[in-house]
1. Quick one: Ala12 ticks every box in (1) in contact with a Gly (Cβ under 9 Å, 6 or more places away or on another chain); (2) more than 16 Å from Thr106 (Cα to Cα) bar one, so which box is it?
2. Out of Lys28, Lys80, which single residue is charged (D, E, K, R) and either surrounded by 19 or more Cβ atoms within 10 Å (Cβ to Cβ) or under 26 Å from Leu216 (Cα atoms) (or both)?
3. Exactly one of these conditions fails for Lys45: (1) loosely packed, with under 14 Cβ neighbours inside 10 Å; (2) within 18 Å of Asp112 (Cβ to Cβ); (3) at pLDDT 95 or above. Give me its number.
4. Here are some conditions: (1) over 25 Å from Lys15 (Cα atoms); (2) touching a strand residue (DSSP E or B) at 6+ places or on another chain (Cβ under 9 Å). Leu30 meets all but one. Which one does it not meet?
5. For the range 199-218, which residues satisfy the criterion of being under 13 Å from Val137 (Cα atoms), of a type in the set (S, T, N, Q) and either out of contact with any strand residue (DSSP E or B) (no Cβ under 6 Å at 6 or more places or on another chain) or not in a loop (DSSP other than H, G, I, E, B) (or both)?
6. Taking the range 135-181 only, how many residues are farther than 23 Å from Tyr199 by Cα, at pLDDT 90 or above and of a type in the set (Val, Ile, Thr)?
7. Quick one: count up the residues across the range 103-130 that are closer than 15 Å to Pro198 by Cα and among the aliphatic types (A, V, I, L, M).
8. Any idea which residue in the range 83-126 is nearest to the chain's Cα centre (by Cα), counting only those that are crowded, with 18+ Cβ neighbours inside 10 Å and of a type in the set (D, E, K, R)?
Amino acid sequence: MSDYFFFIPARAGSKGVPGKNWKKLFGKPLIEYTIDSLENLNFKKQVVVSSDSQEVNDICKNKGIKFSNRPFHLATDNSKIFDVLVSYYQDINIKDDDVIFLLQPTSPFRQDIDIEKCIHIFESDFSIDTVVSFVEVGDKHPGRMYRISNSEAQPLNPSLVHAARQELDPVFLRNGAIYAFKYKNLKKGSIYGNKIFPYIMPENRSINIDTNTDWLLAELLIKNEKKINAN
């Protein structure tokens, strides 16, 4: 039987939206949306936030969530989240088949039901090593994409240039909301194992905040949802 652990990375540095992890999105710090999505799952003791930010530390204290102070060499622009995960979990009592959820604060619309469904995937097929969340790309299909070289536009796939949308096979993009993987993967040098299972999320829960435009879109979605609920 696997145990489940939840790792929330919240580095202080952010170039797209400075201080975004504790910046208030519609009155609530961004990171709290991810923390709150875990509140009903009874895994509080297995949740840790990794950060070099005092602001994030204060939020964790208020929420009763474990805080792991990230050292400087793992908090630079070039630091890899894989190295942060290894650094933390190598000192934790964890079994090879235990599952770690990597939950980035930049996905505020992820819900507890998404996490529950991913847990069910692992419990329904023990051979699965990794579950990753995806969203269908829609009109941003590779069949509509071009390379620009020497001022000339060249289609990525010439055979699809004239294809109607209905003729294009669905293509999916990692949305950044959920990466869940067995600990043994880390020991082998990757979060991805031999068998990766896709978890498809709807577009309205797949916003990944990286720019100010993403932030404004997230605000609009929350405002619209509140108007709908008020009516």
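The values are calculated or read from the model by the stated rules, or taken from the named source; none is laboratory data. Source: prediction; values computed, not measured. Neighbour counts run over all protein chains shown; Cβ positions are idealised from the backbone, glycine included.
1. (2)
2. It is Lys28.
3. Condition not satisfied by Lys45: (3).
4. The single condition Leu30 does not satisfy is (1).
5. Quick first cut of the range 199-218, residues under 13 Å from Val137 (Cα atoms) only: 200-204, 206-207.
Remaining after also requiring of a type in the set (S, T, N, Q): 204, 206.
Within the range 199-218, Asn204 is the sole residue that qualifies.
6. Qualifying residue count for the region: 1.
7. 4
8. Here the residue is Arg110.
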